[in-house]
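Trainee: Below are the structure tokens for one structure; questions will follow.
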Amino acid sequence: GGTFDPPHLGHLAAARAALDALGLDRVDFLPAHDPWQKTGQGRSVTPAGIRLEMVRALVAGSRGLGVDDREIRRGGPTYTADTLAEVTRDAPGAELFLIMGVDTARGFPTWQRHDDVARLSTLVVVSRGNERPSAPAGAARVEFVSMEPVDVSSSEVRAAVAAGENVTGSVGPAVAGLVASHGLYR
């Protein structure tokens, strides 16, 4: 789950690392409808439908990767606990894993109902290179996955686009095309 504003090759690499390291059946990207921790601080976010379109473009043709649009269809502020409860109802008996980066794991205790998130899923903390992750506070089941560093962040991509730079190497050609066609981040 995430804002994916925009999605980039680091997101793709983290998903693949978790998929392979843990032998997962699949990894679904779940773009947030309203990422409340960002919009609540006054940050503007690209409309949900466009972010969904970019995520679909990022994962298109990738083995074992998909997109779940339930948070966007549900509307309103996006709470991971609600999403995990819904997935559990839709797929009883499925073992759920929630993939996050080290920075997100540090902020896990600030999430709405983070105890429910920890109860409903195994948290997967993906670290880049030499990062030393620790288990998110309150998490009972945690897996750690290491990946080769991919030096990109969504905020850096937005800044690069605003500066008129080519971001294809950071987001891939399909996402870069959507950023341009929608006139994003200018």
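The values are calculated or read from the model by the stated rules, or taken from the named source; none is laboratory data. Because the structure is a prediction, the values reported are computed rather than measured. Here the Cβ positions follow ideal geometry from the backbone for every residue, glycine too, while neighbour counts run over all protein chains shown. Accessible surface is based on the protein model in full, side chains and every heavy atom, while ligands, DNA and RNA are left aside. Shrake-Rupley method; radii C 1.70, N 1.55, O 1.52, S 1.80 Å.
Trainee: Take every Cα pair under 8 Å in the chain that's 6+ residues apart, average their separations, divide by the length, and report that relative contact order as a whole percent.
Mentor: With pairs under 8 Å counted, the relative contact order is 26 percent.
Trainee: So how far apart, in nm, are the two label points at residue 135 and residue 70 if each is 7 Å from Cα heading toward Cβ?
Mentor: 2.6
Trainee: Dividing the alpha-carbon Rg of the stretch 47-93 by 2.2 N^0.38 Å yields what?
Mentor: 1.28
Trainee: If one computes the Cα centroid of the stretch 105-166 and of the stretch 31-100, what distance in Å separates the two points?
Mentor: One Cα centre to the other: 15 Å.
Trainee: Follow-up. How many nm separate the modelled label positions at residue 163 and residue 116, each set 7 Å beyond the Cα in the direction of the Cβ?
Mentor: Here the answer is 4.2 nm between the modelled labels.
Trainee: Oh, and also: Any idea how far apart residue 155 and residue 186 come out in nm if each label point goes 7 Å out from Cα toward Cβ?
Mentor: 2.5
Trainee: Considering only protein heavy atoms, with the full assembly of protein chains and a 1.4 angstrom probe, order 111, 36 by accessible area, largest first.
Mentor: Heavy-atom accessible area, descending, gives 36, 111.
Trainee: Per residue, what accessible area does the chain have, given a 1.4 Å probe and all protein chains present, in Å²?
Mentor: Here the residues of the chain average 50 Å² of exposed surface.
Trainee: Let me ask something else about it. Choose one of 135, 149, 185: the residue whose Cα lies farthest towards the positive end of the charge dipole of the chain (beta-carbon charges +1 Lys, Arg; -1 Asp, Glu; about the Cα centre).
Mentor: Highest projection toward the positive end goes to 185.
Trainee: Continuing with this model, one more query. At 1.4 Å probe size, with the rest of the protein present, what percent of the exposed accessible area of the stretch 44-186 is carbon and sulfur atoms?
Mentor: 49
Trainee: So, one more: Provide the solvent-accessible area of residue 148, counting protein heavy atoms only and rolling a 1.4 Å probe, rounded to the nearest 10 Å².
Mentor: Here the residue's solvent-accessible area equals roughly 150 Å².
Trainee: Not counting ligands, DNA or RNA, and with a 1.4 Å probe, what is residue 167's accessible surface area in Å² rounded to the nearest 10?
Mentor: Rounded to the nearest 10, the figure is 10 Å².
Trainee: Summing Lys, Arg as +1 and Asp, Glu as -1, what charge do residues with Cβ under 13 Å from the Cβ of residue 65 carry, residue 65 excluded?
Mentor: 0
Trainee: Now, a different point. Note the listed values (1) 45, 33, 25; (2) 45, 36, 32; (3) 50, 35, 29, then indicate which one is Cα extents along the principal axes in Å calculated from this particular structure.
Mentor: Working out Cα extents along the principal axes in Å from the coordinates points to (2).
Trainee: Using a Gaussian network for the chain with springs between C-alpha atoms less than 10 Å apart, which of these wobbles most: 85, 163, 18?
Mentor: Between 85, 163, 18, it is 163 that shows the largest mean-square fluctuation.
Trainee: I would also like to ask the following. Using R₀ = 22 Å, calculate the FRET efficiency as 1/(1 + (r/R₀)^6) where r is the Cβ-Cβ separation of residue 106 and residue 20; round to 0.05.
Mentor: It comes out at approximately 0.35.
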